[in-house]
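Here's the structure, in structure tokens; my notes come after.
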Amino acid sequence: MTSQISTMQALKYSKARGLYMEENIQIPKLTTSHKVIVKMAAVGICGTVLSISKGDFPVPDNITLGHELCGVVHKLGDDVTTVTVGQRVVIDTTKGCNSCYFCSARIPNMCPKGGIGTYLGLSLDGGLANYIIVDEVDLHPIPDDLTSSQAVLIEPMACLLNAWKLSKVADTATSKVLILGGGIAGLHLVNYLDFIEVKNLTISQRSHDRRKRLEKIGYKNVRVISNEALHQEYLENCEDDLWGFDNIIDCTGNPEAINSAYNYLRPGGRLVIYGCCPPDTKLEVPLQDLTFKEKHISGSFMQPYNYDPAVEIITALARSGRLEISTYGMQEYKFNEFKKGFEDLSNRKITKAILLIN
Amino acid sequence: MKAIKYNKTRGLYIEHNVSIPKIINPNNVIVKMLAAGICGTDLSISKGNFPVPDDSTLGHELCGVVHKIGNKVKNVTVGQRVAIDPTKGCNSCYFCDTKIPNMCPKGGIIKYRGLGLPDGGMAQYILTDDVDLHPIPDDLTSSQAVLIEPLSCLLNAWKISNVASKDHSKVLILGGGIGGLHLLNYLDFIEVKNLTICQRSEDRRKRIEKLGYKNVTVVSDVSLQEEYLKHSEDELWGFDNIIDCTGNPDAIQTAYNYLRPGGRFVIYGCCPANTFIKVPLQALTFKEKHISGSFLQPHTYGVAVENIVKLARSGRLELSNYGVQEYSIDDYKSGFADLNSRKITKGILLMD
């Protein structure tokens with residue numbers, strides 16, 4: 001089918017203009033034989049994109065935003081064999097060079113020629129546009145019964161799977177797991193961990209509204225608690241070595257919450273920091289305690305090779321009825337209504353905005 | 001019998017009239033001690049800086065000979081030389097189940113012979129369980145066998161380091177005392193190719209250079225910091241794995257900057273109470289760095305025995321090359337004093 005339209009819109013950011021919709025952009029043309037043009041269907045707006053729109057996360061000027069991407073294959077380069085026109089796909093935004101130490105060590109997210117430097121929507125033009133050009137290898141087909149809006153959750157799931165892998169949980173039946181923060185990341189993670197039957201889950205969330213949302217979802221094995229109540233429990237039990245958590249995953253990016261939570265680790269416990277903290281903030285780690293209690297602290301950033309499992313998991317969650325968008329505070333908006341989406345996210349009225357593109 | 005003990009009032013002292021232990025249950029073994037190492041922790045204990053139960057007998061780096069066995073003991077025979085694993089777990093809690101018995105609330109440090117358990121091996125006899133004992137071959141000297149326990153702890157630190165590639169990962173050891181030397185020796189032996197060891201004092205650097213390792217770069221902390229400052233814009237400069245063997249908070253804080261993306265920092269050295277490292281949070285996340293503590297050892301003793309035997313048979317365990325010196329048990333004060341003045345890296349008390 002030939003399109004009469006040869007230009008498109010894209011949602012961009014620049015220091016001078018802030019967030020703006022650019023019109024009349026040339027639709028990308030196929031450049032090499034392994035490229036694919038994808039017609040975008042849905043793109044998620046997460047906390048990082050919100051930060052970008054406020055000038056708090058540095059990006060190249062006039063970049064097209066959007067890294068949580070679902071679309072339809074539109075045109076194929078001559079040598080493309082793994083996808084067909086009309087197929088619904090998600091786009092893996094992590095790339096490595098495949099030949100450096102980091103790629104060989106299976107952390108392409110740290111690749112100096114890839115990683116953040118080639119991440120769509122953060123360093124290279126992203127998917128908040130009518131069309132995007134990508135490499136064949138970036139594409140992962142999705143099943144028909146997964147909606148485009150649900151598919152947008154694959155990218156964050158891939159990143160959370162990285163954090164979960166780094167958590168190295170010893171035993172899903174007995175390890176005590178704490179998630180800090182009930183925003184979309186914390187929610188998404190608790191949903192997944194409950195689904196894979198992690199038995200001792202606690203989620204701490206400061207705001208009453210967000211705790212209510214969690215309680216309404218009705219997880220059986222999940223304890224919902226406020227920051228204050230959790231800290232109170234810690235103070236009451238701080239002489240007891242057995243109180244606390246074996247695995248803590250921070251989804252707040254809040255340095256105070258993280259510093260407090262270090263104290264909640266049991267011996268041998270692991271703290272994984274998934275949330276992005278502001279620059280110049282620090283975690284103060286007591287050294288003797290770190291050694292004598294063999295504690296572990298890790299950062300988790302983006303994701304290495306997790307798209308295949310993320311597609312499977314999101315599909316399974318959706319088919320189990322665990323991915324009703326509104327239940328998790330997510331809302332869809334038309335592409336041209338982007339301003340409302342960003343505002344509602346900024347006001348915490350929603351946990352994630354999903355822009356429906358075409 | 002004689003035993004080297006510590007209490008708050010008397011400090012370090014030798015007690016001559018200690019009862020020789022007796023078999024209590026059928027899996028017990030009485031071991032006649034041959035050699036016990038003095039390490040930095042023992043030195044801390046002797047100065048009152050590491051709490052132990054009053055009148056504890058010290059000594060956790062141990063080699064002896066089986067003297068008497070309970071009637072259900074099958075794994076050792078009288079006269080056999082053995083190394084003694086000082087760790088115990090309860091075998092039934094979360095920590096023992098998840099293979100970190102060193103963190104067991106009923107075991108771990110509390111039951112570590114010579115640290116929390118007061119029946120250490122700087123004595124003429126000790127009472128053990130059969131499961132604690134590991135036979136050693138005839139060609140391993142008792143003094144060399146003393147190095148099994150510290151290697152078992154270093155193997156824990158190395159495991160936690162989770163090195164991606166022995167050929168390509170850049171590994172930095174902080175500190176050239178006995179911990180750093182022992183680790184360096186082992187990593188060079190297993191062919192880790194890119195090894196750097198950072199040591200402040202020139203004497204200790206000279207000792208390492210004299211050992212003549214081919215794949216090891218020996219640097220001072222000053223020159224390493226200079227290199228870092230020259231390369232601080234270069235993301236590819238730095239180390240994938242850093243293991244601290246100093247227990248020095250300033251050295252640790254400085255070296256944290258030397259981690260490459262995805263890098264892992266393992267803190268094996270014991271820092272003083274109330275010291276901290278300040279970790280920049282955004283960089284921890286964006287560069288996916290990792291910091292871990294390493295304490296005592298979980299189930300690594302058997303592997304340590306095998307490796308010490310191999311090291312010795314390869315000629316890599318000539319003790320004086322590593323600054324290790326032997327003393328008779330009666331001369332224990334010299335051992336502790338020489339360790340304290342850094343004249344030696346480790347003292348070994350010989351019982352006979």
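The values are calculated or read from the model by the stated rules, or taken from the named source; none is laboratory data. Only a predicted model underlies this, so the values are computations on that prediction, with no experimental measurement involved. Methodologically, a virtual Cβ is constructed for each residue, glycine included, from the backbone with ideal geometry; neighbour enumeration extends over all protein chains shown. Note: areas computed on protein heavy atoms with side chains; ligands, DNA, RNA excluded. Shrake-Rupley method; radii C 1.70, N 1.55, O 1.52, S 1.80 Å.
What residue, among those in the stretch A:279-292 that are open to solvent by 10 Å² or more (accessible area, probe 1.4 Å) and within 7 Å of chain B (Cβ to nearest Cβ), is nearest to the chain's Cα centre (by Cα)?
Only one residue fits best here, namely A:Pro279.
With the requirement that a residue be closer than 23 Å to A:Ala10 by Cβ and in contact (Cβ under 8 Å) with a residue 60 or more places away in the chain, what does the stretch A:92-122 give you?
Once the filter is applied, which keeps residues that are closer than 23 Å to A:Ala10 by Cβ and in contact (Cβ under 8 Å) with a residue 60 or more places away in the chain, the stretch A:92-122 yields A:Asp92, A:Thr93, A:Thr94, A:Ile116, A:Tyr119, A:Gly121, A:Leu122.
All but one of (1) open to solvent by less than 20 Å² (accessible area, probe 1.4 Å); (2) out of contact with any Phe, Trp or Tyr (no Cβ under 7 Å at 6 or more places or on another chain); (3) assigned to a helix (DSSP H, G or I) hold for A:Gly126; state the number of the condition that does not hold.
Here A:Gly126 meets the rest and fails (3).
With respect to B:Asn156, determine if the residue is within 14 Å of chain A (Cβ to nearest Cβ) and in contact (Cβ under 8 Å) with a residue 24 or more places away in the chain.
yes
I'd like to verify a number: residues in the stretch A:255-278 that are in a loop (DSSP other than H, G, I, E, B) and either of a type in the set (Ser, Thr, Tyr) or more than 21 Å from A:Gln303 (Cα to Cα) (or both), how many?
Residues in the stretch A:255-278 being in a loop (DSSP other than H, G, I, E, B) and either of a type in the set (Ser, Thr, Tyr) or more than 21 Å from A:Gln303 (Cα to Cα) (or both): 3 in total.
Read through the list (1) within 11 Å of another protein chain (Cβ to nearest Cβ); (2) open to solvent by less than 30 Å² (accessible area, probe 1.4 Å); (3) among the aliphatic types (A, V, I, L, M); (4) without any contact (Cβ under 8 Å) to a residue 60 or more places away in the chain, then give the number of the only condition that B:Leu224 fails.
(1)
For residues that are surrounded by fewer than 23 Cβ atoms within 10 Å (Cβ to Cβ) and within 30 Å of B:Arg260 (Cβ to Cβ), tally how many sit in the stretch A:303-341.
4
Working only within the stretch B:63-87, note down all residues that are touching a helix residue (DSSP H, G or I) at 6+ places or on another chain (Cβ under 8 Å), open to solvent by 60 Å² or more (accessible area, probe 1.4 Å) and β-branched (Val, Ile, Thr).
The answer is B:Ile69, and nothing else.
Could you pull out every one of the strands (runs of 3 or more DSSP E) wholly within the stretch A:169-230 that has 1 or more residues that are away from chain B (no Cβ under 14 Å) and open to solvent by 30 Å² or more (accessible area, probe 1.4 Å)?
Qualifying strands (runs of 3 or more DSSP E): A:222-225.
Can you spot a residue in the stretch B:289-311 that is within 30 Å of B:Tyr125 (Cα to Cα), more than 7 Å from every other protein chain (Cβ to nearest Cβ) and either over 17 Å from the mean Cα position of the chain (by Cα) or of a type in the set (Lys, Arg) (or both)?
yes
Working only within the stretch A:242-277, note down all residues that are facing chain B (nearest Cβ under 7 Å), touching a residue at least 40 places away in the same chain (Cβ under 8 Å) and open to solvent by 50 Å² or more (accessible area, probe 1.4 Å).
A:Cys276
Could you look through the stretch B:189-219, keep only residues that are of a type outside the set (A, V, I, L, M, F, W, C) and in contact with a strand residue (DSSP E or B) (Cβ under 6 Å, 6 or more places away or on another chain), and pick out the one that is least open to solvent (accessible area, probe 1.4 Å)?
B:Thr196
Is the stretch B:88-95 home to any residue that is crowded, with 19+ Cβ neighbours inside 10 Å, within 19 Å of the chain's Cα centre (by Cα) and at pLDDT below 95?
yes
So that you can scan it fast, the table gives a plain yes or no per residue for (1) among the charged types (D, E, K, R); (2) in contact (Cβ under 8 Å) with a residue 60 or more places away in the chain:
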position: A:Pro279; (1), (2): no, no
position: A:Lys282; (1), (2): yes, no
position: A:Thr291; (1), (2): no, no
position: A:Met302; (1), (2): no, yes
position: A:Ile314; (1), (2): no, yes
position: A:Ser320; (1), (2): no, yes
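For the stretch B:278-288, which residues satisfy the criterion of being at the interface with chain A (Cβ under 7 Å from one of its Cβ atoms) and either assigned to a helix (DSSP H, G or I) or surrounded by fewer than 24 Cβ atoms within 10 Å (Cβ to Cβ) (or both)?
Within the stretch B:278-288, B:Lys278, B:Val279, B:Pro280, B:Leu281, B:Gln282, B:Leu284, B:Thr285, B:Phe286, B:Lys287 qualify.
Condition test on B:Lys346, is it in contact (Cβ under 8 Å) with a residue 12 or more places away in the chain, buried (at least 18 other Cβ atoms within 10 Å of the Cβ) and within 14 Å of chain A (Cβ to nearest Cβ)?
No, not satisfied.
Looking at the stretch B:257-277 only, could you name the residues that are within 18 Å of A:Met110 (Cβ to Cβ), part of a strand (DSSP E or B), in contact with a helix residue (DSSP H, G or I) (Cβ under 7 Å, 6 or more places away or on another chain) and of a type outside the set (Gly, Ala, Ser)?
B:Pro261, B:Arg264, B:Phe265
Could you list, in sequence order, the residues of the stretch B:316-331 that are part of a strand (DSSP E or B) and free of Cβ contacts under 8 Å to residues at least 40 places away in the same chain?
Scanning the stretch B:316-331 gives B:Gln325, B:Tyr327, B:Ser328.
Go through B:Gln253, B:Gln225 for me and flag whichever is farther than 21 Å from A:Gly299 by Cβ and of a type outside the set (A, V, I, L, M).
B:Gln225
Look at the stretch A:21-39 and say how many of its residues are under 18 Å from A:Val89 (Cβ atoms), open to solvent by less than 60 Å² (accessible area, probe 1.4 Å) and outside any loop (DSSP other than H, G, I, E, B).
4
Looking at the structure I just gave you, is B:Lys68 modelled with pLDDT of 95 or more, over 17 Å from the mean Cα position of the chain (by Cα), over 30 Å from B:Tyr322 (Cβ atoms) and not in a strand (DSSP E or B)?
Taking the combined requirement at face value, the residue does not satisfy it.
Against the condition within 14 Å of another protein chain (Cβ to nearest Cβ) and within 26 Å of A:Lys113 (Cα to Cα), how does B:Ala164 come out, does it pass?
Spelling it out, B:Ala164 is indeed within 14 Å of another protein chain (Cβ to nearest Cβ) and within 26 Å of A:Lys113 (Cα to Cα).
Please give the number of the condition B:Lys99 fails out of (1) open to solvent by 40 Å² or more (accessible area, probe 1.4 Å); (2) more than 10 Å from every other protein chain (Cβ to nearest Cβ); (3) assigned to a loop (DSSP other than H, G, I, E, B); (4) out of contact with any Gly (no Cβ under 6 Å at 6 or more places or on another chain).
(2)
Take the stretch B:257-271 and flag every residue that is more than 7 Å from chain A (Cβ to nearest Cβ) and either buried (at least 22 other Cβ atoms within 10 Å of the Cβ) or at pLDDT below 95 (or both).
B:Tyr258, B:Leu259, B:Arg260, B:Gly263, B:Arg264, B:Phe265, B:Val266, B:Tyr268, B:Gly269
Just give me the residues in the stretch A:305-327 being under 20 Å from A:Ala163 (Cβ atoms) and assigned to a helix (DSSP H, G or I), in sequence order.
Within the stretch A:305-327, A:Tyr307, A:Asp308, A:Pro309, A:Ala310, A:Val311, A:Glu312, A:Ile313, A:Ile314, A:Ala316, A:Leu317 qualify.
Which members of the stretch B:102-140 meet the condition of being hydrophobic (A, V, I, L, M, F, W, C) and within 14 Å of chain A (Cβ to nearest Cβ)?
Once the filter is applied, which keeps residues that are hydrophobic (A, V, I, L, M, F, W, C) and within 14 Å of chain A (Cβ to nearest Cβ), the stretch B:102-140 yields B:Met103, B:Cys104, B:Ile109, B:Ile110, B:Leu115.
Among the numbered conditions (1) part of a strand (DSSP E or B); (2) at positive phi, tell me where A:Gly55 comes up short.
(1)
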